[in-house]
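Got a structure here, written out as structure tokens. Questions coming.
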Amino acid sequence: DSIQVAFIYDGEGYNYFLGRFEGFIIKKAMEGSSRIGLNRLKKHVETKPEAPDYFGYEIEEIELPQRLYVGLRDSCETAEVDALYDHLKTWVEEKLRTSDLKTVGSPICVWESFNPKGYSVIKYGYPIDMNSSTDIDLDLFYLPASMYIRTKVIGDYNSETAPWVALRNYMQQHKYKISHFAFEEFEVGLPAEQDTSAWVTYNY
């Protein structure tokens, strides 16, 4: 329920005849200053705004240029979103395997909307060169040039909420407003990396 703070006195060189008495006198002489210090600390702690919780994640602010993606968009009940994500991922990657289109970075999952008790809309896609021309049976979409905040998640990742809450807390602290949408970028993962502890995901 609470945290108790105390000053502790520790001294050396008092192991002679009057040493213990001198140590006691010094302690008594410092008690007034100690009380003042503890009261100031108490006032500071009780009036200082609580720091936002980032759950150990580091948040960085970065500027990104406009980027072109190729992928698919769909919606489903949020409870089924993992299955939809797997379906979109499989479909997009199969289409890319059978085409001549070259990707230029890591895949992303864009959360166009999120409703825990209803439907959510997501897009899965890969970045391609801005000058690419394609007749592939997939959608083209852009991520706008903007300032983004992101955090890095290392290891097995399955839509954990803590990184998102950390980003939300950061936005609230800095009075930022989201202008577009949230997305995840899977920098290291399947199928290239089988070891889940080596996976790297960025949440934007």
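Report the calculated FRET efficiency for ASP156 and LYS43 (r = Cβ-Cβ distance, R0 = 45 Å), to the nearest 0.05.
0.50
Return an integer: the convex hull volume of the alpha-carbon atoms of the range 20-120, in Å³ per residue.
So the per-residue Cα hull volume is 269 Å³.
Here's something else I'd like to know. Report the gain in length on full extension from MET130 to CYS76: 0.36 nm times residue separation, minus Cα-Cα distance, nm rounded to one decimal.
Taking MET130 through CYS76 to full extension adds about 16.4 nm, to one decimal.
Between GLU58 and MET30, what is the label-to-label distance in nm when each label sits 7 Å out along the Cα-to-Cβ direction?
3.7 nm
Please compute the alpha carbon radius of gyration of the range 118-171, then divide it by the globular-protein estimate 2.2 N^0.38 Å. Two decimals is fine.
So the range 118-171 has a normalised radius of gyration of 1.53.
Below 8 Å, C-alpha to C-alpha, sequence gap of six or more: please give me the relative contact order for the chain in percent.
25 percent
Just name one of VAL104, GLY56, HIS44: the one whose Cα is farthest towards the positive end of the charge dipole of the range 40-119 (beta-carbon charges, Lys/Arg +1, Asp/Glu -1).
Final value for the positive-end residue is HIS44.
Scanning the chain for trypsin sites (Lys or Arg not before Pro) in DSSP loops with at most 14 other Cβ atoms within 10 Å, what's the longest stretch left with none?
The segment 1-101 is the longest one with no such site.
Sort the range 1-70 into rounded, prolate or oblate with this rule: let a ≥ b ≥ c be the square roots of the eigenvalues of the Cα gyration tensor; rounded if a/c is under 1.5, and if a/c is not under 1.5, prolate when a/b is larger than b/c, oblate otherwise.
Prolate is the answer for the range 1-70, as a/c is 1.5 or above and a/b outweighs b/c.
Based solely on its DSSP helices, what 222 nm [θ] is calculated for the chain when runs of n ≥ 4 H residues each add -39,500 (n - 2.57) and the sum is averaged over all residues, nearest 500 deg cm²/dmol?
Calculated at 222 nm, the ellipticity per residue is -10000 deg cm²/dmol.
A further question on this structure: Could you tell me the largest-minus-smallest coordinate of the C-alpha atoms of the chain on each of the three principal axes, in descending order and whole angstroms?
Extents along the principal axes: 94, 34, 34 Å.
Assuming R0 = 45 Å, what is the FRET efficiency of ASP137 and VAL165, from their Cβ-Cβ distance, to the nearest 0.05?
0.75
If you don't mind, there's one more thing I want to ask. For the range 87-163, treating each Cα as an identical point scatterer without solvent, what Debye log10 I(q)/I(0) comes out at q = 0.11, 0.15, 0.17, 0.27 1/Å?
Log10 I(q)/I(0), no solvent term: -0.38, -0.70, -0.88, -1.47.
What's the longest uninterrupted piece of the chain once you rule out the GluC sites (Glu not before Pro) that are loop residues per DSSP with at most 15 other Cβ within 10 Å?
Counting only loop sites that pass the neighbour cut-off, the longest clear stretch is 59-159.
Follow-up question, since we're still on this one. Between ALA6 and SER146, what is the label-point separation in nm under the 7 Å Cα-to-beta-carbon projection?
Reported label-point gap for SER146 and ALA6 is 5.3 nm.
Rule-based calculations on the coordinates, nothing more; no lab input. Quantities reported herein were computed from a predicted structural model and do not represent experimental measurements. No Cβ is skipped: glycine too gets one built from the backbone with ideal geometry, and neighbour counts run over all protein chains shown.
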